[in-house]
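Some notes on the structure that comes next.
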Amino acid sequence: MTRAFGNRPPLRPSELLIPTPAGLYCPPADVYIDPVRPVARALITHGHSDHARAGHGAVLATRETLAIMALRYGEAFAGSRQVAAPGGTTRIGEVDFRFVPAGHVLGSAQIVVEHKGLRIVVSGDYKRERDPTCAPFEPVVCDVFITEATFGLPVFRHPPASAETAKLLDSVRLFPERTHIVGAYSLGKAQRLMALIREAGYERPLFIHGAVEKITELYQAEGIPLGDVRKIEPGERKAEGRKALAGEIVICPPSAIQDLWSRRFPDPVTAFASGWMRVRARARQKGVELPLIISDHADWDDLQETIREVQAGEIWITHGEAEALAHWCGTAGLKGMPLHLVGYGDEGEAEPEGKPAEVAP
C-alpha cells in the first residue's frame with residue numbers, strides 16, 4: 001500500500017517509474033534514470049560507468065558527477081547538461097526531482113521522484129559507513145525504495161574501514177623493504193583509501209598508477225585532502241628506480257595487480273581494497289596477499305537498516321543479490337521485487353566474477 005505525501009490520491013508506482021531495457025523510465029516527465037543506452041533526457045545518480053554513460057541528449061546530475069563525466073568522456077559527453085542544485089527541486093513536466101546524498105563516491109546522489117502524492121526514491125549505489133571524500137547517505141521516507149543489493153547476502157558484513165587501513169599500515173611497518181601495491185577502483189575507492197591512510201597519520205608520499213591520476217586531481221581540486229600524491233613514472237619501475245619505492249604504498253586499478261606492471265616493484269605485497277575480499281577464495285583467485293575489506297556499497301546489515309529507516313512498503317531491487325534481499329523483505333512484511341535490470345555492475349565492486357573493473361594502460 002502506498003502512503004500519500006500530498007492531498008491528491010497517490011498514483012500506482014508503475015505509473016511513475018517503469019523498468020525498461022534502457023533503464024528506469026518516468027513517463028510523466030519523459031526522462032530516464034541511469035539509462036544504460038543513449039536517451040533524449042537522463043538523470044544520473046553518480047559517475048561510475050555502469051550508471052553514467054555518454055551520448056544522451058540532455059543530462060541532469062550533481063555538479064561533481066557532471067565534472068566526472070566530462071573528465072572521463074570529454075566535454076561533449078551529452079548534448080546539454082544541467083546541475084541539480086543541492087537540496088533543491090527540479091520540476092520536469094509535473095514531476096518533482098530532488099538529488100540527495102548517497103554516500104557512494106564524490107557527487108553521488110539518490111534521486112527522489114514525487115508526483116501526485118507518490119514518492120519513489122532511486123538510491124543508485126550507496127553505503128552507510130563514513131567516507132571522508134563524499135557527503136554521507138541521507139535516508140528519505142518514501143512509498144517505494146529502489147535499492148541495489150551488491151552485497152545482499154548475510155556473509156557480507158563489512159568491518160570498519162579504519163581497521164582495514166590499519167592492517168595495511170601495519171604491514172608497511174612490518175615489511176619496510178617491500179612495496180605495497182593496492183588495487184582500488186580508480187573512481188572513489190582509490191581516493192577514499194588515500195584519505196583513510198592520511199587520517200591514520202601516514203605522511204609519506206602515496207604513489208599512484210597513471211589510470212588513477214586525473215580522477216585524483218579532480219578530487220583534490222574539490223578540496224579533498226589527500227596529501228602528497230605522486231604518479232609512478234616509467235623509470236621508477238626499472239632496476240635503477242625500484243629501490244627507491246621499497247617500503248612505499250602504490251595505489252593502482254585492480255587489473256594492474258595481476259599485470260606485469262606490478263611485478264616490477266621490489267618484492268611487492270599485493271593488496272586489494274574491496275568488499276569482495278570477505279570471500280577468501282576470491283582473494284586467492286586474484287593472487288591477493290593482503291585482502292582489505294573496504295567497500296563503497298552497503299553490506300547486508302546496512303541494507304536492512306536502510307530499508308527499515310525509509311519506511312517504504314515496496315522495495316524494488318536493481319542488481320546484485322536481488323532474490324536474497326527480496327526474500328528478506330518478505331519475512332519483514334514488505335513487498336520486495338527484483339527488477340532484473342541489465343547493464344549495472346560493470347564497474348567498481350559490482351563487477352561480475354572474473355571480469356576486471358578496468359583495463360590498466
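None of the figures in this text is laboratory data; all of them are computed from the coordinates on show. Quick caveat: nothing in here was measured; it's all calculated off a predicted structure. Cβ sites come from the backbone with ideal geometry, for glycine too, and all protein chains shown count toward neighbours.
The figures follow:
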| item | result |
| --- | --- |
| Entirely in the range 62-107, the strands (runs of 3 or more DSSP E) that have 1 or more residues that are surrounded by 13 or more Cβ atoms within 10 Å (Cβ to Cβ) and among the acidic types (Asp, Glu) | 95-101 |
| Filtered residues of the range 32-57 (kept if touching a Phe, Trp or Tyr at 6+ places or on another chain (Cβ under 7 Å), among the hydrophobic types (A, V, I, L, M, F, W, C) and in a loop (DSSP other than H, G, I, E, B)) | Val39, Ala54 |
| Residues being over 22 Å from the mean Cα position of the chain (by Cα), of a type outside the set (Ser, Thr, Tyr) and within 12 Å of Thr62 (Cβ to Cβ) - total across the range 74-123 | 1 |
| Qualifying position, being of a type in the set (Phe, Trp, Tyr) and over 26 Å from Gly223 (Cβ atoms), among Phe77, Phe156 | Phe156 |
| Residues located in the range 184-205, provided they are buried (at least 22 other Cβ atoms within 10 Å of the Cβ), among the hydrophobic types (A, V, I, L, M, F, W, C) and closer than 20 Å to Val269 by Cβ | Ala184, Ala190, Leu193, Met194, Leu196, Ile197 |
| Qualifying position, being crowded, with 24+ Cβ neighbours inside 10 Å, among the aliphatic types (A, V, I, L, M), in contact with a Pro (Cβ under 7 Å, 6 or more places away or on another chain) and over 30 Å from Cys26 (Cα atoms), among Ile181, Ile120 | Ile181 |
| Filter result for Arg63 (among the basic types (Lys, Arg), under 24 Å from Thr216 (Cα atoms) and in contact with a helix residue (DSSP H, G or I) (Cβ under 6 Å, 6 or more places away or on another chain)) | no |
| All positions within the range 130-178 that are under 18 Å from Pro291 (Cβ atoms), surrounded by fewer than 19 Cβ atoms within 10 Å (Cβ to Cβ), within 22 Å of the chain's Cα centre (by Cα) and in contact (Cβ under 8 Å) with a residue 60 or more places away in the chain | Leu153, Val155, Arg157, Pro159 |
| Test result for Ala29, assigned to a loop (DSSP other than H, G, I, E, B), of a type in the set (Gly, Ala, Ser), under 24 Å from the mean Cα position of the chain (by Cα) and crowded, with 16+ Cβ neighbours inside 10 Å | no |
| Residue list for the range 315-342, filter: touching a Ser or Thr at 6+ places or on another chain (Cβ under 8 Å) and in a strand (DSSP E or B) | Ile315, Trp316, Ile317, Thr318, His319, Gly320 |
| Residue in the range 274-321 that is surrounded by the fewest Cβ atoms within 10 Å (Cβ to Cβ), counting only those that are touching a residue at least 24 places away in the same chain (Cβ under 8 Å) and of a type in the set (Gly, Ala, Ser) | Gly287 |
